[in-house]
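The values are calculated or read from the model by the stated rules, or taken from the named source; none is laboratory data. Since the structure is predicted, the reported quantities are computational estimates derived from the model, not experimental observations. Cβ placement follows ideal geometry from the backbone for every residue including glycine, while neighbour counts extend to all protein chains displayed. For the accessible areas, the whole protein counts, side chains as well, though only heavy atoms, and no ligand, DNA or RNA atoms are used. Shrake-Rupley method; radii C 1.70, N 1.55, O 1.52, S 1.80 Å.
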Amino acid sequence: GTYTITDQKSDFVAGIRNNSTANAAVIETQLDKGSKYQRWTLKKQSDGSYCILNAQTGKALYLIGGKTANGTNVGQYGYSGTLNQRFYLVQSSATAHTYSNTYTIRAAGKTSLALDIVNASKDGGANARIYTYSGGAAQKFRLMYSGNGYYRIMNVNSGKVLGIKGDTNANGANVRQATWMATNGQRWKVVKNSDGSVTLQSALGTALDVYAGSMTPNANVDSWAVNKTTAQKWKLVKVS
C-alpha cells in the first residue's frame, strides 16, 4: 500500500532529509534503500487530488511557505489537507512499465530451474545461480522500472538487486546481489524472443547468462555478450 516517488532520469527516490520527523523537514532525492522515510501513501481528497503521506512519519508533502513559484522547496508537515498539501497525479508519456510485477525467473532451457540467491542470503555479494524451483522468496524477484526502458531486478527476500560484479562488460563477469547503486550493471532490459522467452540485457550491453549453458541445479549465473543461446533465455513467471 506504499509507493516510491522515483525520478525517471536519475532513478533516485523522494525521501526525508536526515530521516527527520520534524515539521518543515526538506524532501530530497536519495538512493533507494527501502527505508520507510522513502515510502509514501496516498490519501484521496474530495477534489480528486491526493495528499501524499510519509509511511514513517505520517506527515504530508507540502509546499514550504505555501509558495507556488518555481524553485519552491517541498517539505513535510502534519496532515491537514490544505491546498499546499494537495497534488494531482498526472499520467506521464513515459515508456509503459510492462513488467513491474514479481516473478520467478525460470531457465527457458529447463523451466524446473529458477534464478536463485544462494542459501537465501540477504547479504550483499551473495551469488546468483539457477536451482531447482521451490517457490521460496530467494527465487522471487520484483522488476522495478528504472527509466529508459530498464528495470532493476530486486530479490524479494533480501531487498537487494541483481548486478554484475565490477560493473564490467567482460564475458564471464559474475552476477550477484547488491545494494541498489543505479549502476549500468544493475539495470536490465527485458527483450522478447520469438519463442516466447526473454533475454535480460544489462545497460552494459551484456546478457544474463547461465555459465556454459549448463541446465543443472547450482549452475552459476554470469553475464556474457548477447548471443540469444539457450543459456541467455528466460521465462518470467508472474507470482500471484
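Numbers below:
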read-out	value
Pairs where the first residue, in region 49-77, is under 14 Å from PHE87 (Cβ atoms) and without any contact (Cβ under 8 Å) to a residue 24 or more places away in the chain and the second is part of a loop (DSSP other than H, G, I, E, B) and open to solvent by less than 40 Å² (accessible area, probe 1.4 Å), C-beta under 7 Å, 6+ apart	LEU63/THR72
Members of region 8-24 found to be touching a residue at least 40 places away in the same chain (Cβ under 8 Å), open to solvent by 50 Å² or more (accessible area, probe 1.4 Å) and charged (D, E, K, R), listed by number	LYS9
Single match in SER134, SER80, SER112 (criterion: more than 21 Å from the chain's Cα centre (by Cα), among the small types (Gly, Ala, Ser), within 23 Å of TYR37 (Cα to Cα) and open to solvent by 50 Å² or more (accessible area, probe 1.4 Å))	SER80
Whichever residue in region 137-150 is touching a residue at least 40 places away in the same chain (Cβ under 8 Å) and not in a loop (DSSP other than H, G, I, E, B) and, among such residues, is most open to solvent (accessible area, probe 1.4 Å)	ARG142
Filtered residues of region 162-204 (kept if open to solvent by less than 20 Å² (accessible area, probe 1.4 Å), among the polar types (S, T, N, Q) and farther than 20 Å from LYS33 by Cβ)	SER197, THR199, SER202
Condition check for SER49: hydroxyl-bearing (Ser, Thr, Tyr) and over 28 Å from ASN157 (Cα atoms)	yes
Which numbered condition MET154 fails, given (1) free of Cβ contacts under 8 Å to residues at least 40 places away in the same chain; (2) under 21 Å from THR29 (Cβ atoms); (3) crowded, with 23+ Cβ neighbours inside 10 Å; (4) of a type outside the set (Val, Ile, Thr)	(3)
